[in-house]
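Values quoted throughout were computed directly from the atomic coordinates according to the rules given, and no laboratory measurement underlies them. Only a predicted model underlies this, so the values are computations on that prediction, with no experimental measurement involved. Please note: Cβ atoms are built from the backbone with ideal geometry, for glycine as well, and neighbour counts cover all protein chains shown.
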Amino acid sequence: MSFRDLVQDYAEEPLTRQVILTLLRKYKRPNDKINELIKRGALTTLKKGLYIPGPKMDIRKPEAFLVANHLWGPSYVSLESALSYWGFIPERVYEISSVTIKAAKTYRTAIGRFRYLHAALPYYSFGMRSVQLTPKQVALVAAPEKALCDKVIMTSGVLLRSVRQTQAFLIDDLRMDEDRLRELNLHEMRTWLNDAPKKASLEILIKTLGTL
């Protein structure tokens, strides 16, 4: 049986080394086989001990958001990546930004760059959604409200002090869609304030959103 056939049932998720060793258990030297698979493009290494099917494999691969959840976790996709996914900013995002309760970290992989920013509990646990990316893939992604709060909190130098300044930040700097901003759940955002960093900035943000 080929490696393609062996991996087919696992192909839409990042593959741990343990899973691959189990698939290759009939080989006398499975580690050598892993190296061979990497060299011929059947496997791509994301980090030590974590892989996805390589470019030579004509099977469906894990989506970038699911990879982000697995590379460094627990974590959820947020900031510009989530805002772009939900249609709140026009730009296509080339770096996947996530929030984690662990230390901040950046991975540069063969399929792109993944950035992780730290948030403490309980703020971290607010506003996450399970998003069905494909019939077999589900990823944790910030709701638009949480992604926007994360953007304000985790962008160095952003301190919101007035409605006018905040409008400029949202519309001019982030180029956000005003119609989409009016859809945000301000009540839910208010419930996060007591546990959130940059509380004063978030209060101005919510006040500004209420004026749109």
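Key figures
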{"read-out": "Histogram of C-alpha separations across the chain, 10 Å bin width, %", "value": "8, 31, 29, 17, 11, 5, 0"}
{"read-out": "The chain - mean residue ellipticity at 222 nm from DSSP helices (-39,500 (n - 2.57) per run, n ≥ 4, rounded to 500)", "value": "-9500 deg cm²/dmol"}
{"read-out": "Radius of gyration and maximum dimension Dmax of the range 89-210, Cα, Å", "value": "14.9, 45"}
{"read-out": "Alpha carbon centroid spacing (whole Å) that separates the range 178-210 from the range 1-25", "value": "44 Å"}
{"read-out": "Degrees between helix 144-154 axis and first principal axis of the chain (Cα, 0 to 90, nearest 10)", "value": "80 degrees"}
{"read-out": "Which of 10, 54, 27, positive extreme of dipole for the chain (C-beta unit charges)", "value": "27"}
{"read-out": "Per-residue HN-Hα couplings for the range 187-193 [Karplus 6.51, -1.76, 1.60; θ = phi - 60°; Hz; x = Gly/Pro]", "value": "4, 4, 4, 5, 5, 8, 4"}
{"read-out": "Amide hydrogen neighbours beyond the local backbone of residue 89, cut-off 5 Å, H modeled", "value": "84"}
{"read-out": "Angle in degrees between helix 199-211 and the longest Cα principal axis of the chain, rounded to the nearest 10", "value": "70 degrees"}
{"read-out": "For peptides 136-148, 74-86, sequence by mean Cβ density within 10 Å, most packed first", "value": "74-86, 136-148"}
{"read-out": "Distant-in-sequence amide H partners of residue 98 (H built 1.01 Å from N, under 5 Å)", "value": "78, 115, 116, 117"}
{"read-out": "Estimated vicinal HN-Hα couplings, Hz - the range 102-117 in sequence order (Karplus 6.51, -1.76, 1.60; Gly, Pro = x)", "value": "8, 5, 4, 7, 10, 10, 10, 10, 5, 10, x, 9, 10, 10, 10, 10"}
